[in-house]
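> Please see the structure below; I have some questions.
The values are calculated or read from the model by the stated rules, or taken from the named source; none is laboratory data. On a predicted model such as this, the values are computed, not experimentally measured, just so you know. Here the Cβ positions follow ideal geometry from the backbone for every residue, glycine too, while neighbour counts run over all protein chains shown.
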Amino acid sequence: MAMLFACVSPALGQLPAPPVVGTGPLQVGGYGALTLSFAERPEPAHAVEVSELAVAVLAWGQISPRTSYLAELDMAKRTSETWTGRETDRRLAPVRMYLEYTASDLLRFRAGRFLTPIGQWNEQHAEPLTWTPTRPLTTYLPFAKSLNGLLVAGEGSAGGHDLGYAVYWAPSLDLDRDLSAEESRFVNAFGARVAGVARPGLTLGLSVARIRRSRPIEEADTTGAEVGEGREEDGSGRALLGADVRWETGRVDLSAEANWLAAAEGAPYEGGASGTAAVRVYGPLWTVLRGETYRPVDGRSVRIGFAGVTVRTGPHLVLKAGRQFLHHPSSRIPDGWFLSFSSLF
Amino acid sequence: MVPVLLVALLAATWGGTATLATGQERDAAICVVANLSEPARDSVADLDVIRRFFLMRERFWPSGAAVHPVNLPASSSLRERFSRAALGQSVQELAPYWNERYFHGTRPPPTVASEAAVLLYVARTPGAVGYVERSQVEAPPAGVARLFCLPEREDG
């Protein structure tokens, strides 16, 4: 059922909000992930912990030649992504659930719940597709991972270059109250993303949005900021600007993503930049380095590094191992070793 | 600053297409075929459009009819040659691309076992497009139109 994993990196890039191209009324797939961690900070671990156990089920299909749907149901227990202390137990949470009508290749209409098209990582976040067992803060902290609303998207070609766009609107429905209590979520949002393949293997993207966001309250104490009980909400809309680049060859996959959220009343500007380099060593073995800076976390900037390896063997198993370390320790970002197993099925 | 740098990078790199140039210099004998009922086939007899069809990035003919690309098995040498020449990547190199598309509900084009099966599928399926050796379509079978053949190898 799963696609074949190759020992090389793709060189075609992905465009915003890819369409569903079903070949029947119902197809089912998914992925699973198990991540183990042994952290030295914020609290020294005495044993290996399961920091993530997740299964996502995908269902999609074609209702008519131009109408399709896709649903992703996430069942997960996560202690952290890179953001420790925000435990999320999801018995069954819809990450995506939308209908899509395709008027033409250049014009598709999507309604429902879908991944926020900001940057490249968020729309390709499945563990078997990413290089590291932890996720950069930049790729999810400034915005909600999913939104409820409407989207218009399309793809085309100009001079042999593939281009894509997405424009989305999330009204103030607040349907996520119980779905993402520990994460950023949109009060409302309006934004757009464009991306294109400039040269074979080189994909560039820009994201802009006007968002009003709600997130868990950070309460400072003597040990640093901690997650409070309630949530705080932006008093007004804030501008978000993002940019991303990915360069892929058969042996190298370099990617970088930056997202910047403008200051608003009572809230300083927020954002960061992350870069990942994966270099194939031999066969399915890749060495991976990642660096990130983000602010504010615990009221200041943090710098996060990751060094490890990723092994993509056969169609069913991706193994990632490595160490995450912090330049400025935070009370909420784990500093330690990670080992993950994941698979598309 | 990062967005500005990226825009500059985009402007600096947005020239020329190398994807197909390499492919056009080899694999002379591969011909792209389509279902004869597709009325606009002559207007899209273009390798870039065929590339987008087989990557599932373009789903409709100019007439509005759905495109149905058909592949040979991954082990087929003709498929490997077509993949390199038309898509700019080997079959194996394309696998991660399809893994990412799978996450969004798209699988690669379906496969059939042989060139004869490609011709049969194309003949019977409106909107279908496939590829075969030139020798298979010197006289195309009923229901099949030969769109174009990949250029002769320049370096012999």
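> Looking at the stretch B:107-142 only, could you name the residues that are in a strand (DSSP E or B) and within 14 Å of chain A (Cβ to nearest Cβ)? First the steps, then the outcome.
Going residue by residue through the stretch B:107-142, those that are in a strand (DSSP E or B) are B:111, B:128-133.
Answer for the stretch B:107-142, where residues must be in a strand (DSSP E or B) and within 14 Å of chain A (Cβ to nearest Cβ): B:111, B:128.
> Could you list, in sequence order, the residues of the stretch A:256-278 that are more than 12 Å from every other protein chain (Cβ to nearest Cβ) and either in contact (Cβ under 8 Å) with a residue 12 or more places away in the chain or farther than 20 Å from residue A:136 by Cβ (or both)?
Pass one, the stretch A:256-278, residues more than 12 Å from every other protein chain (Cβ to nearest Cβ): A:261-270, A:276-277.
Residues satisfying the conditions are A:261, A:262, A:263, A:264, A:265, A:266, A:267, A:268, A:270, A:276, A:277.
> Further, regarding this structure: Among the residues of the stretch A:230-249, count how many are within 10 Å of chain B (Cβ to nearest Cβ) and either closer than 25 Å to residue A:265 by Cα or under 16 Å from the mean Cα position of the chain (by Cα) (or both).
5
> Something else now. Yes or no: the stretch A:224-232 includes at least one residue that is under 30 Å from residue A:104 (Cβ atoms) and at pLDDT below 90. Quick ask: steps written out before the conclusion?
First pass over the stretch A:224-232, keeping only residues under 30 Å from residue A:104 (Cβ atoms): none.
Checked against the condition, which is being under 30 Å from residue A:104 (Cβ atoms) and at pLDDT below 90, the stretch A:224-232 yields no hits at all.
> Which one of A:273, A:258, A:277, A:264 is surrounded by 21 or more Cβ atoms within 10 Å (Cβ to Cβ), in contact with a strand residue (DSSP E or B) (Cβ under 6 Å, 6 or more places away or on another chain) and among the small types (Gly, Ala, Ser)? If you could, list the steps in order and put the result at the bottom.
Working: A:273 fails: surrounded by 21 or more Cβ atoms within 10 Å (Cβ to Cβ); A:277 fails: surrounded by 21 or more Cβ atoms within 10 Å (Cβ to Cβ); A:264 fails: surrounded by 21 or more Cβ atoms within 10 Å (Cβ to Cβ).
Of the residues listed, the single one that is surrounded by 21 or more Cβ atoms within 10 Å (Cβ to Cβ), in contact with a strand residue (DSSP E or B) (Cβ under 6 Å, 6 or more places away or on another chain) and among the small types (Gly, Ala, Ser) is A:258.
> If I ask for residues that are within 11 Å of the chain's Cα centre (by Cα) and either closer than 14 Å to residue B:128 by Cα or facing chain A (nearest Cβ under 10 Å) (or both), which ones from the stretch B:69-81 would you list?
Result: B:69, B:70, B:71.
> I'd like to know if the stretch B:97-104 contains one or more residues that are part of a loop (DSSP other than H, G, I, E, B), at the interface with chain A (Cβ under 9 Å from one of its Cβ atoms) and crowded, with 18+ Cβ neighbours inside 10 Å.
Step one: filter the stretch B:97-104 for residues part of a loop (DSSP other than H, G, I, E, B), giving B:103-104.
Right, trim to at the interface with chain A (Cβ under 9 Å from one of its Cβ atoms) and you get B:103-104.
Still in the list and also crowded, with 18+ Cβ neighbours inside 10 Å: B:103-104.
The answer is yes; a qualifying residue exists.
> Considering only the stretch A:296-317, state which residues are surrounded by fewer than 16 Cβ atoms within 10 Å (Cβ to Cβ), away from chain B (no Cβ under 14 Å) and in contact (Cβ under 8 Å) with a residue 40 or more places away in the chain.
Scanning the stretch A:296-317 gives a single hit, A:299.
> Name the one entry in A:30, A:119 that is within 14 Å of chain B (Cβ to nearest Cβ), at pLDDT 85 or above and not in a strand (DSSP E or B). Spell out the reasoning first.
Working: A:30 fails: not in a strand (DSSP E or B).
Result: A:119 is the single residue among A:30, A:119 that is within 14 Å of chain B (Cβ to nearest Cβ), at pLDDT 85 or above and not in a strand (DSSP E or B).
> Take residue A:258 and tell me if it is more than 16 Å from the chain's Cα centre (by Cα) and of a type outside the set (Asp, Glu). It would help to see each step written out before you state the result.
Working: more than 16 Å from the chain's Cα centre (by Cα): no; of a type outside the set (Asp, Glu): yes.
It is false that residue A:258 is more than 16 Å from the chain's Cα centre (by Cα) and of a type outside the set (Asp, Glu).
> Here's a follow-up. Do we find a residue being buried (at least 17 other Cβ atoms within 10 Å of the Cβ), of a type in the set (Phe, Trp, Tyr), more than 10 Å from chain B (Cβ to nearest Cβ) and in contact with a helix residue (DSSP H, G or I) (Cβ under 8 Å, 6 or more places away or on another chain) anywhere in the stretch A:280-295?
yes
> Just to be sure, is residue B:84 more than 13 Å from chain A (Cβ to nearest Cβ) and either free of Cβ contacts under 8 Å to residues at least 40 places away in the same chain or part of a helix (DSSP H, G or I) (or both)? Step through it out loud before you land on a result.
Details: more than 13 Å from chain A (Cβ to nearest Cβ): no; either free of Cβ contacts under 8 Å to residues at least 40 places away in the same chain or part of a helix (DSSP H, G or I) (or both): yes.
Considered against the rule, which asks whether it is more than 13 Å from chain A (Cβ to nearest Cβ) and either free of Cβ contacts under 8 Å to residues at least 40 places away in the same chain or part of a helix (DSSP H, G or I) (or both), residue B:84 comes out as no.
> Answer yes or no: is there a residue in the stretch A:285-299 that is touching a Ser or Thr at 6+ places or on another chain (Cβ under 9 Å) and outside any strand (DSSP E or B). Talk me through it step by step, then tell me what you get.
Taking the stretch A:285-299 first, the residues touching a Ser or Thr at 6+ places or on another chain (Cβ under 9 Å) are A:285-295, A:297-298.
Restricting the remaining residues to those that are outside any strand (DSSP E or B) gives A:298.
Scanning the stretch A:285-299 turns up at least one residue that is touching a Ser or Thr at 6+ places or on another chain (Cβ under 9 Å) and outside any strand (DSSP E or B).
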